[in-house]
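First the structure, in the form of structure tokens, and then the observations on it.
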Amino acid sequence: MQKKLAGEKAAELVQDGMIVGLGTGSTVHFTTLALARRVREGLDIVGIPTSRATEKLAVTNGIKLSTLDEHPIIDITIDGADEISPKLDLIKGLGGALLREKVVAAVSKRLIIVADESKYVKVLGSRSPVPVEVLPFALSTVMRQLGDMCNEANLRTRDGMAYVTDNGNNIIDCRFGPIHRPSELESRINSIPGVAENGLFLGMAERAILGTADGIRVVEKPT
Ligand code: 5RP
């Protein structure tokens, strides 16, 4: 219910003629369905999906889609998150779409995050691991180096096999505990050859719309 509240509220920010980044996950699922309802009522938008799952959901529900080649600048992206700090730094990627999500977020004029309030934490790393997308060729070497950096590095699996992203890569979930210097950590992760992307989204989000037991809470990026 909290996810639905937040997801649907964010859909109200979308206006006619916009290029809209469509995030991935169970919260933004409600945004996509709300946008589809508005499209049926006449809203004219073009969506850029961040995953095959979102692409399928959008197409099935009648949202027109395109690519970054056609639309390299996005007016607004609405996406979920696994952790949100008071500065609106994020951990994303438990849904496995972090690489495309970061590419889309980076070219978006506005990044709006939707979540239930349990995702709002004082310090990143409090509950969630940081997902790291890795080239399969480099999996064991990256695993060893990440293992030296964090408390626990686990290869993500599905049905007993290594999880494969939409980009054909694997994911290592790294538990760091509280992350006090996220940009330093991001640079260290990115300096490992074979890392395709990491789930720290720093300084990118403008606003978080949180569903709470009492309704909606909006957190703006501090100026
Ligand atoms: C996918 C993500 C999701 O946005 C994140 O996992 C939140 O998902 P949910 O809304 O289902 O809790 O980063 O890669």
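Each reported figure results from applying straightforward, stated rules to the coordinates on display, with no laboratory input. Treat the numbers as computed from the prediction; the structure is a model and nothing was measured. Here the Cβ positions follow ideal geometry from the backbone for every residue, glycine too, while neighbour counts run over all protein chains shown.
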Below 8 Å between Cα atoms, with a sequence gap of 6+, how large is the relative contact order for the stretch 65-223 in percent?
31 percent
Antiparallel content of DSSP bridges confined to the stretch 1-95, in %, to 5:
20 percent
Under 21 Å between alpha carbons: how many lysine pairs meet that in the stretch 55-202, if sequence neighbours fewer than 8 apart on the same chain are excluded?
13
In whole Hz and in residue order, list the ³J(HN,Hα) couplings for the stretch 14-29 that follow from phi through the Karplus curve 6.51 cos²θ - 1.76 cosθ + 1.60, θ = phi - 60°; x for Gly and Pro.
7, 10, 3, x, 7, 8, 10, x, 9, x, 10, x, 6, 7, 6, 3
Pick out which of 194, 93, 80 has the largest mean-square fluctuation in a Gaussian network model of the chain, springs linking Cα atoms closer than 10 Å.
194
From the Cα centre of the stretch 97-159 to that of the stretch 167-223, the distance in Å is 7 Å
Sorting 48, 73 on the 10 Å Cβ count, fewest up front, what's the list?
73, 48
Under DSSP loop assignment and at most 16 Cβ neighbours within 10 Å, longest GluC sites (Glu not before Pro)-free interval of the chain:
71-205
Restricting the count to DSSP beta bridges whose residues both fall in the chain, what percent are antiparallel, rounded to a multiple of 5?
55 percent
How large is the charge dipole for the chain, taken about the Cα centre, if only the Cβ atoms of Lys, Arg (+1) and Asp, Glu (-1) carry charge, to the nearest 20 debye?
280 debye
Exposed trypsin sites (Lys or Arg not before Pro) being those in a DSSP loop with at most 15 other Cβ atoms within 10 Å, the longest stretch of the chain free of them is 128-223
